[in-house]
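Student: Shown below is the structure under consideration.
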Amino acid sequence: MKEKVRIGFLGLGGRGQGLLKLILNMADVEVPAVCDLYDDRIKAGINIVSEARDYTPTGYSDYRQLLKREDIDAVIIATSWQTHGRITAAAMRAGKYAAFEVGGASSVEECWELVRAYEETGIWCMMLENCCYGELELALLNMIKQGLFGELIHCQGAYGHDLRGEITGGIENRHYRFRNFQHRNGELYPTHELGPICNMLNINRGNRLLTLTAMSTKSRGLHEYALKNKPEYANVDWAQGDVTTTMIKCAHGETILLKHDCSLPRSYSREIWVQGTNGIAVELGDKIVIQGRSPEGGWMEFEWEALSKYIEEFRHPLWTWFREAGVKGGHGGMDYLVQRAFIESVKEGKLPPIDVYDSATWMSITCLTEQSIYMGSMPVAVPDFTNGMWIDRRPDPKCRYSLDAVHNDLF
Ligand SMILES: NC(=O)c1ccc[n+]([C@@H]2O[C@H](COP(=O)([O-])OP(=O)(O)OC[C@H]3O[C@@H](n4cnc5c(N)ncnc54)[C@H](O)[C@@H]3O)[C@@H](O)[C@H]2O)c1
């Protein structure tokens with residue numbers, strides 16, 4: 001077991017700087033190297049480290065130089081969607097465990113390259129899908145494992161986030177979302193809802209994603225927003241439809257519905273929905289029905305109960321522990337939990353709870369939905385990145401952060 005993990009930190013935009021501050025609060029982490037393309041962000045990263053610690057890290061603009069360092073155990077990558085895959089694969093090939101921020105893949109080949117880099121080197125990577133550690137998502141996983149919903153039939157979720165300001169401000173802020181929305185049309189950001197849903201449905205562990213079909217609406221929201229707020233971009237022809245919906249079919253007959261919804265006025269929600277032979281939970285409106293527990297009667301058959309009441313009763317043991325220890329970190333605490341899952345896997349030399357096959361599968365949805373949309377919503381096959389291993393995968397290493405099982409005995 002390693003006492004300390006020495007991390008190279010890549011990508012120092014808004015997210016990177018936030019995560020860097022978060023990990024510097026962990027006594028078992030050192031950050032001797034930081035990297036970004038921009039000088040001002042490298043300086044900002046160096047300052048963040050030297051203010052928190054009694055040393056000054058080295059700054060790099062070329063990640064390949066950082067990866068040559070022999071004193072680094074692992075890297076955290078918070079760069080753009082288009083660069084995560086190649087930097088992660090290069091890191092694994094340089095012998096560094098790699099955690100990388102969420103985002104969709106640009107090509108299926110990018111996903112296979114992650115799988116190959118892992119299988120050829122034995123060095124793993126982990127997508128930092130923080131929503132897998134959300135309190136709601138983990139409580140639902142706990143309820144599913146206890147059989148409350150019966151056999152799962154259908155799940156859905158969304159990335160519903162009004163990002164019109166961020167997207168249209170992307171040129172001034174040097175942010176990649178502008179160009180992605182300008183040039184692409186697909187489920188650009190699937191993993192916040194898909195990751196937790198795949199855990200619920202045992203994807204890559206006895207079940208798998210088989211096929212998908214996707215559809216996008218017309219694009220109006222960003223244009224209307226730019227007309228009023230960013231007239232300099234009023235003539236941009238945005239390729240991304242305002243709402244993109246994707247249906248995925250799983251090997252055991254379940255369906256998953258995803259919605260990407262970032263260009264219209266709305267309030268944030270991941271709109272999680274879980275439905276099985278014994279009940280249903282709906283995040284929007286805080287609703288649940290569990291047969292045998294929820295009040296019955298009248299023409300509606302069942303009365304809705306408050307989902308929040310069940311979250312309290314079936315709180316995942318990780319969250320019970322976390323609340324008692326004091327919730328910390330951004331996004332309600334889940335950023336801290338996903339970082340600890342990564343750091344502790346490196347320290348203990350164990351495979352992480354979100355592995356390369358999960359990461360590749362979840363990321364691939366973006367480029368597959370683009371293919372489907374451009375071919376008139378044609379069904380597209382989802383590759384089996386495990387090459388058949390999903391059929392009889394061994395359980396993941398047992399830890400508090402496990403997502404394939406709930407280990408009450410570890411708390
Ligand atoms: N999990 C979450 O809740 C969450 C929240 C926000 C952002 N994110 C993710 O974090 C990532 C970064 O988001 P952001 O908003 O900070 O973006 P950003 O564009 O503000 O920052 C990305 C940074 O990466 C740098 N970069 C790009 N290519 C690089 C390369 N080859 N080498 C070194 N540095 C490089 C850029 O210069 C930039 O400073 C994205 O993938 C985003 O989806 C996740």
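The values are calculated or read from the model by the stated rules, or taken from the named source; none is laboratory data. Since this is a predicted model, take the numbers as computed values, not measurements. Neighbour counts are summed over all protein chains in view; Cβ atoms, including those assigned to glycine, are modelled from backbone coordinates with ideal geometry.
Student: Working carefully through the options Arg266, Arg270, find the one that is under 15 Å from the mean Cα position of the chain (by Cα), among the charged types (D, E, K, R) and in the same structural domain as Ala251 (by TED's automatic domain parsing).
Tutor: Details: Arg266 fails: under 15 Å from the mean Cα position of the chain (by Cα).
None of the other options fit; the residue is Arg270.
Student: Please work out which residue is farthest from Asp335 (Cα to Cα), limiting yourself to region 300-324 and to residues that are hydrophobic (A, V, I, L, M, F, W, C) and not in a loop (DSSP other than H, G, I, E, B). Before you say what the answer is, go through the steps one by one.
Tutor: Pass one, region 300-324, residues hydrophobic (A, V, I, L, M, F, W, C): 300, 302, 304, 306-307, 311, 314, 318-319, 321-322.
This time we only want the ones that are not in a loop (DSSP other than H, G, I, E, B), so: 302, 306-307, 311, 318-319, 321-322.
On the way: Phe302: 36, Ala306: 26, Leu307: 23, Ile311: 19, Leu318: 14, Trp319: 13, Trp321: 16, Phe322: 12 Å.
Restricting to residues being hydrophobic (A, V, I, L, M, F, W, C) and not in a loop (DSSP other than H, G, I, E, B), the top hit is Phe302.
Student: If you take just the helices (runs of 4 or more DSSP H) that sit entirely in region 144-249, which of them hold at least 2 residues that are over 20 Å from Gly134 (Cβ atoms), within 15 Å of the ligand (Cβ to nearest atom) and touching a Gly at 6+ places or on another chain (Cβ under 6 Å)? Give the derivation first.
Tutor: On the way: elements: 164-168, 177-183, 191-200, 221-229.
Once the helices (runs of 4 or more DSSP H) in region 144-249 are filtered for at least 2 residues that are over 20 Å from Gly134 (Cβ atoms), within 15 Å of the ligand (Cβ to nearest atom) and touching a Gly at 6+ places or on another chain (Cβ under 6 Å), what remains is 177-183.
Student: Within region 294-328, track down each residue that is in contact (Cβ under 8 Å) with a residue 12 or more places away in the chain and farther than 25 Å from Glu193 by Cα.
Tutor: Ser294, Phe302, Glu303 - these are the residues of region 294-328 that are in contact (Cβ under 8 Å) with a residue 12 or more places away in the chain and farther than 25 Å from Glu193 by Cα.
Student: How many of the residues making up region 95-135 are hydroxyl-bearing (Ser, Thr, Tyr), within 22 Å of Leu20 (Cβ to Cβ) and away from the ligand (no atom under 13 Å from the Cβ)?
Tutor: Here the count works out to 1.
Student: To continue, here is another question. Condition first: at pLDDT 95 or above, within 10 Å of the ligand (Cβ to nearest atom), under 18 Å from Gly103 (Cα atoms) and β-branched (Val, Ile, Thr). Can you find one or more residues in region 81-92 that meet it?
Tutor: Yes, because at least one residue in region 81-92 is at pLDDT 95 or above, within 10 Å of the ligand (Cβ to nearest atom), under 18 Å from Gly103 (Cα atoms) and β-branched (Val, Ile, Thr).
Student: When you check Arg174 against the structure, is it surrounded by fewer than 16 Cβ atoms within 10 Å (Cβ to Cβ), at pLDDT below 95, over 21 Å from Val380 (Cα atoms) and in the same structural domain as Asp392 (by TED's automatic domain parsing), yes or no?
Tutor: So Arg174 passes the test.
Student: Out of all the residues in region 8-25, which are within 15 Å of the ligand (Cβ to nearest atom) and either more than 22 Å from Asp62 (Cβ to Cβ) or not aliphatic (A, V, I, L, M) (or both)? Break it down stepwise before answering.
Tutor: We begin by selecting, within region 8-25, every residue within 15 Å of the ligand (Cβ to nearest atom); these are 8-23.
The answer is Gly8, Phe9, Gly11, Gly13, Gly14, Arg15, Gly16, Gln17, Gly18, Lys21, Leu22, Ile23.
Student: Also, I was wondering about something else. Does Val5 count as aliphatic (A, V, I, L, M), within 16 Å of the ligand (Cβ to nearest atom) and over 22 Å from the mean Cα position of the chain (by Cα)?
Tutor: Working: aliphatic (A, V, I, L, M): yes; within 16 Å of the ligand (Cβ to nearest atom): no; over 22 Å from the mean Cα position of the chain (by Cα): yes.
It is false that Val5 is aliphatic (A, V, I, L, M), within 16 Å of the ligand (Cβ to nearest atom) and over 22 Å from the mean Cα position of the chain (by Cα).
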